Amino acid sequence: MVVLEGEKTLIARKKQRSFKELGPLVALMSLAIFTTVLNPRFLTAFNLQALGRQIAIFGLLAIGETFVIISGGGAIDLSPGSVVALTGVMVAWLMTHGVSVWISLFLILLFSLGIGAWHGVFVTKLKVPAFIITLGTLTIARGMAAVITRGWPVINLPSSFLKIGQADFLKIPVPVWILIGVTLIADFFLRKTVYGKHLRASGGNEIAARFSGVNVDAVRTIAFMVSGFLAGLVGVIVAARLSQGQPGVGSMYELYAIASTVIGGTSLTGGEGSVLGAIIGASIISLLWNALVLLNVSTYWHNVVIGIVIVVAVTLDIVRRRFVSK
């Protein structure tokens with residue numbers, strides 16, 4: 001009887017893994033083929049580079065969101081889009097006021113870690129729901145970006161800084177190389193380290209994890225710090241890409257990050273998910289957006305389509321969990 005139960009569990013896990021990893025990948029390939037057939041310009045070097053830069057932005061945010069959601073406890077980060085705007089404005093402001101590029105980058109990324117720690121403390125120590133505290137940060141960060149700039153973009157940034165968002169290496173955009181590096185590091189930590197095991201344990205069964213000696217509060221706080229850091233990194237990339245600190249950027253980015261995460265197989269209930277899945281999800285969202293542009297679909301419909309995708313992704317997550325539990 002025990003053997004049969006063990007076999008059922010193993011089979012369930014295999015079904016779950018196959019569904020989570022292969023499903024989104026097949027969807028991505030199908031969407032790419034469909035778009036290419038309808039508009040061959042999809043495969044031009046210019047479009048693929050632009051698509052790569054967009055995937056890098058959504059992918060980095062999705063990795064951070066993946067860590068937060070896996071940590072469980074209803075954790076979710078709604079602040080990335082506004083943090084992107086604020087950090088982009090701040091790094092531009094620092095450089096235009098005489099601070100060197102490297103020191104500006106260091107300060108901004110440190111500040112971004114601080115935002116994540118702020119979220120972690122409120123969620124784990126003060127027991128404020130993650131939805132509430134990150135929604136508050138969303139509003140504060142967006143407002144501060146406007147206060148700093150008075151609504152105007154911060155321009156005249158150093159050319160060495162602009163290379164972060166605009167330069168290529170081996171014909172591949174620098175942001176894509178950054179995404180590759182972050183993906184490898186994040187995937188290693190999630191799958192091969194004690195922290196990754198504790199993160200999954202905290203999200204899978206918080207009570208059991210605490211009884212096993214896992215410092216759930218620290219694990220969850222670090223997850224928020226990862227999300228904050230990557231949002232700050234994206235803020236830097238976007239500012240470099242646009243050649244300015246723009247207070248209006250990043251709108252809806254948090255929803256794209258969450259959608260990418262869920263599409264990639266991360267369960268909203270926590271405890272399961274992968275970095276690779278997040279990247280595939282981000283690629284699907286970016287490719288879908290790119291396809292809508294290439295197919296001349298009105299911009300008014302873009303958010304409608306993305307919203308439908310989010311609803312479908314969440315529904316599939318629920319169906320998937322019911323399927324593998326049988």
Give me the tail of P(r) for segment 15-324 as a percent: Cα-Cα pairs with distance above 35 Å.
17 percent
Binned Cα-Cα distance frequencies in segment 135-245 - 5 Å width, integer %
2, 10, 14, 16, 13, 14, 12, 9, 6, 3, 1
List, in order, the whole-Hz ³J(HN,Hα) value for each residue of segment 248-253 obtained from phi through the Karplus relation with A = 6.51, B = -1.76, C = 1.60 and θ = phi - 60°; use x for Gly and Pro.
x, 6, x, 4, 6, 4
Looking at segment 155-224, which chymotrypsin sites (Phe, Trp or Tyr not before Pro) are DSSP coil and have at most 15 other C-beta atoms within 10 Å of their C-beta?
none
Helix 80-96 vs. the chain, principal-axis angle (Cα, 0 to 90°, nearest 10)
30 degrees
Per DSSP, the loop-located trypsin sites (Lys or Arg not before Pro) within segment 150-228 having at most 16 other beta carbons within 10 Å are ARG150, LYS171
Taking springs between alpha-carbon atoms closer than 10 angstrom, which of MET95, MET225, MET29 fluctuates most in the Gaussian network model of the chain?
MET29
Taking Cα atoms, the helix 216-242 axis meets the longest principal axis of the chain at an angle in degrees (rounded to 10) of 30 degrees
Using a ≥ b ≥ c from the Cα gyration tensor of segment 44-130 (square roots of the eigenvalues), is it rounded, prolate or oblate, where a/c under 1.5 gives rounded and otherwise the larger of a/b and b/c decides, a/b for prolate?
oblate
Tilt, helix 174-192 to longest principal axis of the chain (alpha-carbon atoms), in degrees rounded to tens, equals 30 degrees
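Read the figures in this text as sums done on the coordinates, not as results from a lab. All values reported here derive from a predicted model rather than from experimental measurement. Quick reminder, even Gly has a Cβ in these numbers, built from the backbone with ideal geometry, and neighbours come from all protein chains shown.
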